[in-house]
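Notes for the one structure printed next.
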Amino acid sequence: MRAKEIKKDIYWVGGIDWDLRDFHGYLTQRGSTYNAYLIIDEKVILIDTVKHYLYDEMIERISSIIDPSKIDYVISNHVEMDHSGGLPQLMKVAKNAKLITSPKGKAGLEAHYDSKNWNFEVAKPGTELNIGQRTLNFVLTPMVHWPDNMVTYLPEEKILFSNDAFGQHYASSERFADQASFDIVMEEAKKYYANIVMPYGRQVQGVLEKAKGLEIDIIAPSHGVIWRSFVTEIMEKYQKWSANETDEKALIIYDTMWKSTKKLAYAIQDAFEGKGISTKMMNLDVNHRSDIITEVLTAKYICVGSPTLNNNMLPSVAAFLTYLKGLAPKNRIGLAFGSYGWGGQSIGQVEDVLADCRFELLDQIKVQYIPDESQLKEVTDNLKEEI
């Protein structure tokens, strides 16, 4: 395990989690990385650590450059344990290191770990650290996506150590976005934003405003590959996503028992296509909720369908809607639909959740038992008139 130099005397020393497939209910088909960065100057700096089970990998990479006991400062940009999990072991090795974190970072680390012997320094707005030929600036970014978050900026090298912002759950032996497939990297960046960062769009907008005053050649996030190319492209995407700008696209999400709700889904698709609006069908039986949410990020119309089971919507639909509500997409138009046998409660329940999300609502579509061709045509024609 060797470090990877990203600029002179600045190294990636993180860990690669090839086997990760679930992150808080978010499907990570391509694994992830936990990125830590070593800076060698008059002072030796380590920015973030890794998940606890990749500590040995990280320490081996650090050791390929310098004795870890010589680390002078450890910077903890974020308390979450995929970034701080290696701290307890590291602080036993780097016994003289000072630990720099935000005010809420200090409280969070003290709550997570036995840190009574750690030498904390609290970074506040405007805090700057001279490390020799370079300086580090700390920018507090609360709720992107925890209260303790901050980012670290190295002005002499124009590097932003952005923590969870601009990251991707993507395991790769390549360290830079330009060494990997651009489409895959952007897909994973979109999925990461949709499933992790989307509720905090307003705070992201504030961070992007601060970033306008910085010269940035490299964005070094805490997950995935490093942006030394496509910096403008990823920042423009974050601007769009955080502003809740959507495309003229309808996402039709459903589960079905006896294919009747599926028939309604396709009648709804016909209506949108008849209006020249692109569509995507996503059956919850074969699509994971985190992949669906990735599509929700840029879709204007969110249509959700469920038959009624035991006076309720199907469990798969209920789980998806719970996930959707927590991520709080804004400026969407919602539609509830479904077939039913006798009670028909599910359609109203779906609509209630879409209303809780503060979506503008189209008239619900509700058909008893198996819709025939005339009913399906009526669904299509009525919806075309409404949209």
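Structure notes:
- In the condition set (1) within 12 Å of the chain's Cα centre (by Cα); (2) open to solvent by less than 10 Å² (accessible area, probe 1.4 Å); (3) not aromatic (Phe, Trp, Tyr), ALA220 is compliant with all but (1).
- When restricted to residues that are in contact with a Lys or Arg (Cβ under 8 Å, 6 or more places away or on another chain) and of a type in the set (D, E, K, R), the range 61-90 contains 3.
- Subset of the range 234-258 that is exposed (fewer than 14 other Cβ atoms within 10 Å of the Cβ) and in contact with a strand residue (DSSP E or B) (Cβ under 9 Å, 6 or more places away or on another chain) - its residue that is nearest to PRO199 (Cα to Cα): ASP247
- Within the set LEU309, LEU324, the sole residue that is closer than 24 Å to SER260 by Cβ and open to solvent by less than 20 Å² (accessible area, probe 1.4 Å) turns out to be LEU324.
- Some residue of the range 15-31 being aliphatic (A, V, I, L, M), under 23 Å from VAL185 (Cβ atoms), buried (at least 22 other Cβ atoms within 10 Å of the Cβ) and in contact (Cβ under 8 Å) with a residue 12 or more places away in the chain: no
- Of residues in the range 356-377 being touching a strand residue (DSSP E or B) at 6+ places or on another chain (Cβ under 9 Å) and not in a loop (DSSP other than H, G, I, E, B), the one nearest to LEU297 (Cα to Cα): GLU360
- Filter result for ILE370 (in contact (Cβ under 8 Å) with a residue 40 or more places away in the chain, open to solvent by less than 70 Å² (accessible area, probe 1.4 Å) and under 16 Å from ALA265 (Cα atoms)): no
- Which numbered condition VAL44 fails, given (1) open to solvent by less than 20 Å² (accessible area, probe 1.4 Å); (2) out of contact with any Lys or Arg (no Cβ under 8 Å at 6 or more places or on another chain); (3) more than 21 Å from LYS191 (Cβ to Cβ): (2)
- All strands (runs of 3 or more DSSP E) inside the range 103-170 with 1 or more residues being open to solvent by less than 10 Å² (accessible area, probe 1.4 Å) and of a type in the set (Ser, Thr, Tyr): 150-154, 159-163
- Residue selected from the range 174-210 under the condition of a type in the set (A, V, I, L, M, F, W, C), closer than 30 Å to LYS325 by Cα and crowded, with 20+ Cβ neighbours inside 10 Å, by the criterion farthest from the chain's Cα centre (by Cα): VAL207
Here is a yes/no grid of residues against (1) modelled with pLDDT of 95 or more; (2) out of contact with any Cys (no Cβ under 7 Å at 6 or more places or on another chain); (3) surrounded by 15 or more Cβ atoms within 10 Å (Cβ to Cβ); (4) of a type outside the set (Gly, Ala, Ser):
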{"position": "THR49", "(1), (2), (3), (4)": "yes, yes, yes, yes"}
{"position": "TYR53", "(1), (2), (3), (4)": "yes, yes, no, yes"}
{"position": "ILE59", "(1), (2), (3), (4)": "yes, yes, yes, yes"}
{"position": "ASP72", "(1), (2), (3), (4)": "yes, yes, yes, yes"}
{"position": "ALA97", "(1), (2), (3), (4)": "yes, yes, yes, no"}
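- Test result for GLY338, open to solvent by less than 40 Å² (accessible area, probe 1.4 Å), touching a residue at least 60 places away in the same chain (Cβ under 8 Å) and farther than 22 Å from ALA243 by Cα: yes
The values are calculated or read from the model by the stated rules, or taken from the named source; none is laboratory data. Since the model is a prediction, treat every value here as computed from it, not as a measurement. Note: ideal-geometry Cβ built from the backbone for every residue, glycine included; neighbour counts use all protein chains shown. With ligands, DNA and RNA removed, areas are computed over all heavy atoms of the protein, side chains included. Shrake-Rupley method; radii C 1.70, N 1.55, O 1.52, S 1.80 Å.
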